[in-house]
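All remarks here apply to the structure that follows.
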Amino acid sequence: MEVIGLTGGIATGKSTVSRIFKEQGISIIDADVIARELVVPGSVALQQIAEHFGSEYVTDEGQLNRKALGRLVFGDAQKLTELNGIMSPLLRQAIKAQIEQSAAQATQFVVLDAATLFEAHFEDLADDIMVVNIPEAVQLNRLMARDGSSEQEASNRITSQLPLAEKVARATVVIDNSGTVAETKAQVLKWLESKGFQVIKK
């Protein structure tokens, strides 16, 4: 079984590419979904976050206060590193367990969808690394439109991640998502076919 590490910058269209894989019947391991599951009320991760950053980052209902924590870490590289230090080991363990489950089912491919694949040092879990790329100005505008954020907030989110150009340089395959969805899909399917995968034409 081959693990495809799917990543990119925030708002570059990684979710679009993930959907294309899903349409082909390829299983997706979504690091964001796993990360959310790790911080449910009463979890070890949530307890560690509260102890490290303060109880104000947990709501009265026992939920993670995502907006408050986001404001803290995306404007402070050191705080982001500290948060990753809590989350990354737990996330890696959960991802590896899901990869092992997929391998037991003898599937040809599984996709590890992880926005912070490089930042969290998960690239060793993947056989191929696919980076979804768009121009920087397009990325900023898409993020502002998607989240209703200011230019400064959007810029902080982008700069909190590894530069997109560096991710592209470290990829084994790059998907240009600056055009139409159909153009993006054609690139993904062509790559899958090059790997001997029988694509479903829709």
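The values are calculated or read from the model by the stated rules, or taken from the named source; none is laboratory data. Treat the numbers as computed from the prediction; the structure is a model and nothing was measured. As a convention, Cβ positions derive from the backbone with ideal geometry for all residues, glycine included, and neighbour counts pool all protein chains shown.
Among the residues of segment 52-65, not a single one is among the hydroxyl-bearing types (Ser, Thr, Tyr), touching a residue at least 40 places away in the same chain (Cβ under 8 Å) and either surrounded by fewer than 19 Cβ atoms within 10 Å (Cβ to Cβ) or over 23 Å from Ser15 (Cα atoms) (or both). Annotation note: of Gln108, Gln101, the sole residue that is at pLDDT below 95, within 21 Å of Gly5 (Cα to Cα) and touching an Asp or Glu at 6+ places or on another chain (Cβ under 8 Å) is Gln108.
Among the listed residues Gly25, Gly70, which satisfies the condition of being at positive phi and either among the charged types (D, E, K, R) or out of contact with any Leu (no Cβ under 9 Å at 6 or more places or on another chain) (or both)?
Gly25
Residue count for segment 2-24 satisfying the condition of being surrounded by fewer than 22 Cβ atoms within 10 Å (Cβ to Cβ), in a loop (DSSP other than H, G, I, E, B) and either polar (S, T, N, Q) or at pLDDT 95 or above (or both): 1.
Answer with yes or no whether Val40 is assigned to a helix (DSSP H, G or I) and hydrophobic (A, V, I, L, M, F, W, C). Taking the combined requirement at face value, the residue does not satisfy it. Check segment 132-151 and report whether any residue there is closer than 21 Å to Ser18 by Cα, buried (at least 16 other Cβ atoms within 10 Å of the Cβ), at pLDDT 95 or above and in contact with a helix residue (DSSP H, G or I) (Cβ under 6 Å, 6 or more places away or on another chain). Checking segment 132-151: at least one residue is closer than 21 Å to Ser18 by Cα, buried (at least 16 other Cβ atoms within 10 Å of the Cβ), at pLDDT 95 or above and in contact with a helix residue (DSSP H, G or I) (Cβ under 6 Å, 6 or more places away or on another chain). Taking (1) without any contact (Cβ under 8 Å) to a residue 60 or more places away in the chain; (2) out of contact with any Phe, Trp or Tyr (no Cβ under 6 Å at 6 or more places or on another chain) in turn, Leu189 satisfies each apart from (1). Kindly establish whether Thr81 is of a type in the set (Val, Ile, Thr), at pLDDT 95 or above and out of contact with any Phe, Trp or Tyr (no Cβ under 6 Å at 6 or more places or on another chain). No; evaluated as a whole, the condition is false for this residue. Number of residues in segment 164-185 that are in contact (Cβ under 8 Å) with a residue 40 or more places away in the chain and either more than 28 Å from Val199 (Cα to Cα) or touching a His at 6+ places or on another chain (Cβ under 6 Å) (or both) equals 2.
Can you tell me how many residues in segment 67-89 are under 18 Å from Ala120 (Cβ atoms) and charged (D, E, K, R)? Residues meeting the conditions: 3. Listed by first and then second residue, the pairs with beta-carbon distance under 8 Å, at least 6 apart or on different chains, first residue in segment 81-108 and over 24 Å from Leu64 (Cα atoms), second among the acidic types (Asp, Glu) and modelled with pLDDT of 95 or more, are Gln108/Glu2.
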